[in-house]
Amino acid sequence: MLGPVFNREAITLPRRPRHYALRAIYVTALLILMCTAWMLLAGTQVIDDIGDLARFGVTLFQIVAPLQLALIMFLAAFGTASSISQEKDRRTILLLLLTRLSNHELVLGKLIAALLSPLVMVMASIPVLLTIRLFGGISLDQVVRVLLITASAALATASLGCMIAFWREKTFQTLSIMTLGIVIWIGGWEAVYASGATDGFMGVLQGFATWASPVRGISSAIYPNILDAQPWTVSDPAVQFSVFAFVASIVLNAV
């Protein structure tokens, strides 16, 4: 289904030393962040009971989850756009277009191949997130929702980068338009949500912001409120954003 473009990347990616170095550096950075936060906590206050440990776990989780979301989103977008732009710069994209590859094999092959590294980084972070959970104050459900939102956001931004990269000829144009698009997407929906409008057209947009904004999705996972929505239902912002990201990815790749 994905074609030879994806198969080639899937075979050659594990052979590259950078593939393993990137995972090791990323996990090491998360562990250093966790250790630094622990040293700051232990040096500024006395830890008497498990409640203090639970509060530390919650605070650390609230730092790591959004940080990982932002990093993976931009890595996925830049990785996909750069992969296609390099093909254009080397003129090899013309050779691919002359082959018997179908449109979906070329687009999906490049997209999923570029997503391999970011998604592997997300999987590599699972032991770190579960280690943070050992401090207390965090449920397994929250960890799963954070991983789902991060993967969904990576898919959406990678699809945006793929569409822009096939559209524009120059690498700089591709990267600049893509970065601007991601910033406007996140900032725009957050501005709509912060407006607090309830009536008229702005009220409709304000309600849709929980579907379209990754910040709303990740916030619902790290700041759970049982009075607002039940987890894993349509009213859950994490589920809403995941559905939106999947639909948006289909539309962007179809274009």
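The values are calculated or read from the model by the stated rules, or taken from the named source; none is laboratory data. It should be emphasised that the depicted structure is a prediction, and the values quoted were computed from it without experimental measurement. Because the Cβ atoms are built from the backbone with ideal geometry, glycine has one as well, and the counts that use them run over all protein chains shown.
Give me the residue from the range 125-178 that is under 24 Å from Ala212 (Cβ atoms) and surrounded by fewer than 16 Cβ atoms within 10 Å (Cβ to Cβ) and, out of that set, farthest from the chain's Cα centre (by Cα).
Result: Trp167.
Sort through Val183, Val144, Val192 and tell me the only one that's within 19 Å of Val234 (Cα to Cα) and not basic (Lys, Arg).
Being within 19 Å of Val234 (Cα to Cα) and not basic (Lys, Arg) holds for just one of Val183, Val144, Val192, which is Val144.
Search the range 84-111 for residues that are among the acidic types (Asp, Glu) and pair each with any residue that is modelled with pLDDT under 85 when their beta-carbon atoms are under 6 Å apart and the residues are at least 6 apart or on different chains.
So the pair list comes out as Glu87/Ile93; Glu105/Gly3.
Consider Ser102 carefully, then state whether it is in contact with a Gly (Cβ under 9 Å, 6 or more places away or on another chain) and not hydrophobic (A, V, I, L, M, F, W, C).
Yes; evaluated as a whole, the condition is true for this residue.
Scan the range 157-170 and give yes if some residue there is closer than 16 Å to Met73 by Cα, polar (S, T, N, Q) and assigned to a helix (DSSP H, G or I), otherwise no.
yes
What pairs come up if the first residue lies in the range 145-174 and is farther than 20 Å from Ile112 by Cα and touching a residue at least 12 places away in the same chain (Cβ under 8 Å), the second is among the hydrophobic types (A, V, I, L, M, F, W, C) and crowded, with 24+ Cβ neighbours inside 10 Å, and their beta carbons are under 7 Å apart, counting only those six or more places apart or on different chains?
Between residues of the range 145-174 that are farther than 20 Å from Ile112 by Cα and touching a residue at least 12 places away in the same chain (Cβ under 8 Å) and residues that are among the hydrophobic types (A, V, I, L, M, F, W, C) and crowded, with 24+ Cβ neighbours inside 10 Å, the close pairs are Arg145/Ala221; Arg145/Ala238; Val146/Ala65; Val146/Ile218; Val146/Ala221.
Looking only at residues that are part of a helix (DSSP H, G or I) and of a type in the set (D, E, K, R) in the range 1-50, which one is nearest to Ala65 (Cα to Cα)?
Looking at the filtered set, the residue picked out is Arg23.
Please find, within the range 4-56, the residue that is farthest from the chain's Cα centre (by Cα) out of those that are among the charged types (D, E, K, R) and surrounded by 11 or more Cβ atoms within 10 Å (Cβ to Cβ).
Asp52
Can you find, within the range 88-119, the residue that is nearest to the chain's Cα centre (by Cα) among those that are more than 23 Å from Ile250 (Cα to Cα), of a type outside the set (Lys, Arg) and not in a loop (DSSP other than H, G, I, E, B)?
If we take residues in the range 88-119 being more than 23 Å from Ile250 (Cα to Cα), of a type outside the set (Lys, Arg) and not in a loop (DSSP other than H, G, I, E, B), then Asp89 is nearest to the chain's Cα centre (by Cα).
What are the residues in the range 190-220 that are touching a Phe, Trp or Tyr at 6+ places or on another chain (Cβ under 9 Å), assigned to a helix (DSSP H, G or I) and not aliphatic (A, V, I, L, M), if any?
Once the filter is applied, which keeps residues that are touching a Phe, Trp or Tyr at 6+ places or on another chain (Cβ under 9 Å), assigned to a helix (DSSP H, G or I) and not aliphatic (A, V, I, L, M), the range 190-220 yields Gln206, Phe208, Thr210, Trp211, Pro214, Arg216, Gly217, Ser220.
Gly196 versus (1) touching a Gly at 6+ places or on another chain (Cβ under 7 Å); (2) on the phi > 0 side of the Ramachandran plot: which is the lone unmet condition?
Of (1) touching a Gly at 6+ places or on another chain (Cβ under 7 Å); (2) on the phi > 0 side of the Ramachandran plot, only one is false for Gly196: (1).
Pick out the one residue from Leu67, Leu98, Leu40 that is touching a helix residue (DSSP H, G or I) at 6+ places or on another chain (Cβ under 9 Å) and either of a type outside the set (Lys, Arg) or within 22 Å of Leu148 (Cα to Cα) (or both).
Result: Leu67 is the single residue among Leu67, Leu98, Leu40 that is touching a helix residue (DSSP H, G or I) at 6+ places or on another chain (Cβ under 9 Å) and either of a type outside the set (Lys, Arg) or within 22 Å of Leu148 (Cα to Cα) (or both).
Taking the stated definitions as given, is Gly187 surrounded by 23 or more Cβ atoms within 10 Å (Cβ to Cβ) and either of a type in the set (A, V, I, L, M, F, W, C) or assigned to a helix (DSSP H, G or I) (or both)?
When the stated conditions are applied, Gly187 does not pass them.
Just one of the numbered conditions (1) in contact with a Pro (Cβ under 9 Å, 6 or more places away or on another chain); (2) modelled with pLDDT of 80 or more is not true of Ala212; which one?
Going through (1) in contact with a Pro (Cβ under 9 Å, 6 or more places away or on another chain); (2) modelled with pLDDT of 80 or more one by one, Ala212 breaks only (1).
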